[in-house]
1. Which semi-axes, in whole Å and largest first, does the equivalent ellipsoid of segment 260-479 have when worked out from the alpha carbon gyration tensor as the square roots of 5 times its eigenvalues?
2. Can you run phi through the Karplus equation (6.51, -1.76, 1.60; θ = phi - 60°) for segment 68-83 and list ³J(HN,Hα) in whole Hz, with x for Gly and Pro?
3. For segment 5-250, build the charge dipole from Cβ charges (+1 Lys, Arg; -1 Asp, Glu) around the Cα centre, then report which of 155, 5, 219 sits farthest towards its positive end.
4. What percentage of the solvent-accessible surface of the chain, computed with a 1.4 Å probe over protein heavy atoms, is contributed by carbon and sulfur atoms?
5. So if we plug the beta-carbon distance of residue 340 and residue 62 into 1/(1 + (r/R0)^6) with R0 = 45 Å, what FRET efficiency do we get, rounded to 0.05?
6. As a quick test, which of the pairs 38/424; 9/38; 38/78; 73/120 have an alpha carbon distance above 19 angstrom in this structure?
7. Once label points are set 7 Å from the Cα along Cα→Cβ at both residue 321 and residue 120, what is their separation, rounded to one decimal in nm?
8. Residues with beta-carbon under 14 Å from that of residue 4, excluding residue 4: net charge, scoring Lys, Arg +1 and Asp, Glu -1?
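The values are calculated or read from the model by the stated rules, or taken from the named source; none is laboratory data. The shown structure was predicted, so the numbers you read here are calculated from the model rather than taken from an experiment. As a convention, Cβ positions derive from the backbone with ideal geometry for all residues, glycine included, and neighbour counts pool all protein chains shown. Areas reflect the complete protein model, heavy atoms only, side chains present, ligands, DNA and RNA absent. Shrake-Rupley method; radii C 1.70, N 1.55, O 1.52, S 1.80 Å.
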Amino acid sequence: MVSATLASKTFDGHDQVFFARLSGDFNPIHMDPLAARKTQAGSAVVHGIHAVLWSLDRLVELGTVTGGIAGLKVQFAKFIPVGSTVHLKLVHRDDKSIRAELASDGFTTTILSLSLGTPKKADGSAPPPDAPRIRLTDQPAVLVRLEETADLCGWVDIASPAQWVETRFPHAAAAMGSVRIAAIALLSRLVGMICPGLHSIFAAFAIDLIETPHHQDGLWFSVSGTDERFRMVRMIVSGAGVSGSVQAFLRLPPVVQASLSDISKLVAPTEFAGSTALIIGGSRGLGALTAKVIAAGGGRVIVTYAIGREEAIQLAEEIHAHIPQGVCDVIPYDARQDAAEQLKTLIADVSHLYYFATTPITRQKEGLFVSSLFDEFIQLYVKGFYDCCRFLGERGSRALTAFYPSSVFVENNPLPMAEYSMAKMAGEILCDNMNRSVGRVHVIVGRLPRLKTDQTATVPPVESGEPLEVMLPTIRKVQSRSGS
């Protein structure tokens, strides 16, 4: 039975910067919130190895570890978002082993298993004398195909002075040796920067402590196998008083939507002329794709963003590189806030609304139904949509046609997505009521299939439809209904 919490910590941005420098792991999933939101994590996440070393330091400091440590196995079960609080709990302890877990928001994120005893004697093996030395850089390797990892090997030098390790993790360093702690930190750089690199997710590692006369200040690694089913990379590592194995996923790169050049081949240049579309959540994904389609067809688009200002500006620049200036405007908009206050300075007379406001839809949760999550989805997908439609319908000189993107999850109702499916169903009911009422807003609802977007990217990959193939006929249907 899990004991009471031994210690807690909230990892913040300062922790991220420190550990990136300590380990040499500057992967954007840890350091760049905008880049991280295009990954399965959905936001910047804590270096898993940092959480492990903090846990080891606390276990030793609190006297949970009273003897020597012979080995360590770690499994990374869930991401730890930056800014969240983790709780260290003791699960099991006997004379030979300790099992501890890190939990956040009720979910286990990290599982640590310590073998107690003395380090093993060195077996005399050594890295190949011609092993290539991996240069320290702040740019991660960009590998996409699993076979690109197959023959990777090399020597990785420890990135930081021993004093940094001894200052941040003094108890763990005293128990295991500062060089070994630095070597464990180096595993983060190995996975996040070298193999698999940019598109990596750390899955697990297992190491034995090795007693050697002279520690080498670094690690030798070699890829020992891959598994295409899960895009899994397995490596062996040795050096700096440790020896063992590492497992990591090579996730798929962020989804890149069709370019304006490709879209222009499918859309007539005056197909949507005379229309002005407000695209809520248009800085990326399906919103950005819709903006490019309408602009390619001669329509004007107003793209909103909540946090992705740079992405929205890049989208406008792409559009204006092919189409005269003025057809794409960018404005901030938070669908959870009052629409009238945010859109009161809008000059354009909007004829069409596309509502792609979203939030991470796959969540860690405890239990079948979480009311706070349902409330969050209702606010965004129901109240936010109605608020925006009502303001535009009352303000404009012509009728408004709105597109509400629902989901096949309403039909399939996957168990882990109950709150999301229910909110989308409520949105559909709202849209039906709006269309049956006497008003100046007509809503077209589309139950979209699973499409290739950042939200649907998974490890292992799941088959998803091509966004342009699905969205182009949908956009044509919406645009064909012009306000008057």
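1. 27, 21, 16
2. x, 10, 9, x, 8, 10, 9, 10, 9, 8, 9, 5, 10, x, 4, x
3. Of the candidates, 5 comes out farthest on the positive side.
4. Of the solvent-accessible surface of the chain, carbon and sulfur hold 54 percent.
5. Efficiency, rounded to the nearest 0.05: 0.25.
6. Over 19 Å apart, Cα to Cα: 38/424; 9/38.
7. The two pseudo-label positions are separated by 5.3 nm.
8. +2
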